[in-house]
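Chemist: Mind having a look at this structure? Questions to follow.
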Amino acid sequence: MPTPLNTDVTGRDDWEVVSYSIATITGSQRVDGVVRQHFGIHRADPTCWVLTHLPTGAMLGRSETQSAAVRVVSLIEGLIDWGFSDISGLARQDHRPVHAALLGSGLTIPNDGRPTWASSRVQGHA
């Protein structure tokens with residue numbers, strides 16, 4: 001089982017500003033953002049906020065606003081057990097409601113080779 005990322009910031013009950021790691025095609029990268037429980041949100045560019053699963057560092061989706069990403073966390077946090085640190089942890093659960101909530105809240109899941117969570121697997125993340 002892979003070693004979880006971000007163990008020092010995962011599990012916080014309130015949104016806090018911290019630095020944390022995200023998974024990229026070239027390895028782990030540190031970003032500054034806000035975290036709560038198993039989720040991180042950071043600004044990737046002026047029009048894009050990225051929602052990340054902290055234990056894997058995988059991107060869950062992208063949003064035009066930070067507030068939309070915060071709202072979707074409230075929708076998805078109780079739908080599955082987010083404590084997994086490997087790809088199979090997601091595949092062992094019924095993640096269809098999570099996917100529907102992400103897309104229904106206007107988040108996008110890019111298909112550009114970056115490590116992202118998409119339905120039943122994390123793409124680009126070994």
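Each value in this text was obtained by applying a stated rule to the coordinates, not by laboratory testing. Note that this is a predicted model, so its numbers are computed, not measured. Methodologically, a virtual Cβ is constructed for each residue, glycine included, from the backbone with ideal geometry; neighbour enumeration extends over all protein chains shown.
Chemist: At 0.36 nm per residue, minus the direct Cα-Cα distance, what do C48 and D8 gain on full extension? Give it in nm, one decimal, please.
Modeler: 11.9 nm
Chemist: Please give the contour-minus-distance gain from D81 to E16: 0.36 nm per residue of separation, less the Cα-Cα distance, rounded to one decimal in nm.
Modeler: 21.3 nm
Chemist: Now a separate question. Got a sec? How would T52, T10 order by Cβ neighbour count within 10 Å, fewest to most?
Modeler: T10, T52
Chemist: Using the Cα gyration tensor of the stretch 16-112, with a ≥ b ≥ c the square roots of its eigenvalues, what is the shape: rounded (a/c below 1.5), prolate (a/b larger than b/c) or oblate (neither)?
Modeler: rounded
Chemist: Further question: Quick one: if the Förster radius is 25 Å, what FRET efficiency do I25 and R92 give, using the C-beta to C-beta distance and rounding to 0.05?
Modeler: Result of the calculation: an efficiency of 0.50.
Chemist: Enumerate the amide H contacts of A44 below 5 Å, restricted to partners 5 or more residues apart or on another chain; note that Pro and chain-start residues carry no placed amide H.
Modeler: Those qualifying (amide H under 5 Å, at least 5 residues apart or on another chain) are W49, V50.
Chemist: Ok, one more. Order of F39, F84 from fewest to most other C-beta atoms within 10 Å?
Modeler: Listed from fewest to most nearby Cβ atoms, that is F84, F39.
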